[in-house]
Amino acid sequence: MDNKNLKDLAQNPDFIPGIYNYCDRWCEKCPFTSKCLNYAMQKERFSESTGDMEKDNEVFWQELVETLDDTIRLLKDLMKERGIDIDDIAVDEEYEKKEEDIRNFTKAHPLTKMADDYIRMAEVWIKRMQPGFVNAGIYLENTEEPLADRDRTSGIRDTLDIIRWYQYQISVKIQRGLQGKQRAEEFNEDTFMYDANGSVKVALLGIDRSLAAWKRMTVFYPNEEDPVIDIMILLGRLRGKTEKEFPEARKFVRPGFDDR
């Protein structure tokens, strides 16, 4: 995509500013794609596809290199205008130490460990069930089975898609929230806490939807109720402790999604 096309897209008044900052990145399920600049850019990029994956990938990486080169040149010009010598920029060891401490704090935080435990528990259950999923046609488009069976298969597939989509994202968003909260406290900057609450709200919504999906799994597989309930209990504890750690997250207003 050339700079003119990008500029034209960015100036479209129909787009909701910042709507893509606090979404779950599930464009296929999103009712706001027509309002999202990020989605429009992806669509524009897709429309320029040649159909040759290797060629498209080569063009993609070449465009990225050119973008980086343009960015570096712009950065140098801006620094020159402000009298900053790029070669004289020293590493801020104190800042680097604070950032390392924040990363270590986040990694060791109980919420991170609980979210990672959920990832592992979900993975163990899904892998154990995978042969049954395959036999039932969950990973296949089986048009030969009776309509009732197809409906059940489609329901299981949709439910599994929800679990899979949020399985890792929950941990990622919680960790981003924890880091933002620490930076807000360390650097006394409110914008970090704003981003933290927005990220954690996405995590909480992912937890809510995952809990509902796991409950549906007990309907599809009643014999699996006990192990699924164990997963739901862990997820419910993570939900409660996350809300306690970030009491303002639920109130966060995501552009487009929550301010209609």
(request) Specify which of the listed residues (N197, N188) is on the phi > 0 side of the Ramachandran plot and of a type in the set (S, T, N, Q). (result) N188
(message) Can you find, within the stretch 12-36, the residue that is farthest from the chain's Cα centre (by Cα) among those that are more than 24 Å from F192 (Cβ to Cβ) and surrounded by 15 or more Cβ atoms within 10 Å (Cβ to Cβ)?
(response) F15
(request) Give the stretch 219-250 a look and list any residue that's within 17 Å of I207 (Cβ to Cβ) and free of Cβ contacts under 8 Å to residues at least 12 places away in the same chain, or say none. (result) I229, I233, G240, K244, P247
(request) Go through the stretch 108-130 and give me each residue that's surrounded by fewer than 16 Cβ atoms within 10 Å (Cβ to Cβ), without any contact (Cβ under 8 Å) to a residue 60 or more places away in the chain and within 28 Å of K241 (Cα to Cα). (result) A108, K113, I119, R120, E123, V124, I126, K127
(message) Can you confirm whether K244 is exposed (fewer than 14 other Cβ atoms within 10 Å of the Cβ), assigned by TED's automatic domain parsing to the domain that holds I102 and not acidic (D, E)?
(response) yes
(message) Which condition from (1) buried (at least 21 other Cβ atoms within 10 Å of the Cβ); (2) over 14 Å from the mean Cα position of the chain (by Cα); (3) under 21 Å from R128 (Cβ atoms) is the one that Y166 breaks?
(response) (2)
(request) May I ask you to list pairs of residues, at least six apart or on different chains, whose Cβ atoms are under 9 Å apart, with the first in the stretch 20-42 being on the phi > 0 side of the Ramachandran plot and the second being among the aromatic types (F, W, Y)? (result) R25/W165
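The values are calculated or read from the model by the stated rules, or taken from the named source; none is laboratory data. Quick caveat, the model's predicted, so the values are computed rather than measured. Positions of Cβ are generated from backbone atoms using ideal geometry, with glycine treated the same way; all protein chains shown enter the neighbour counts.
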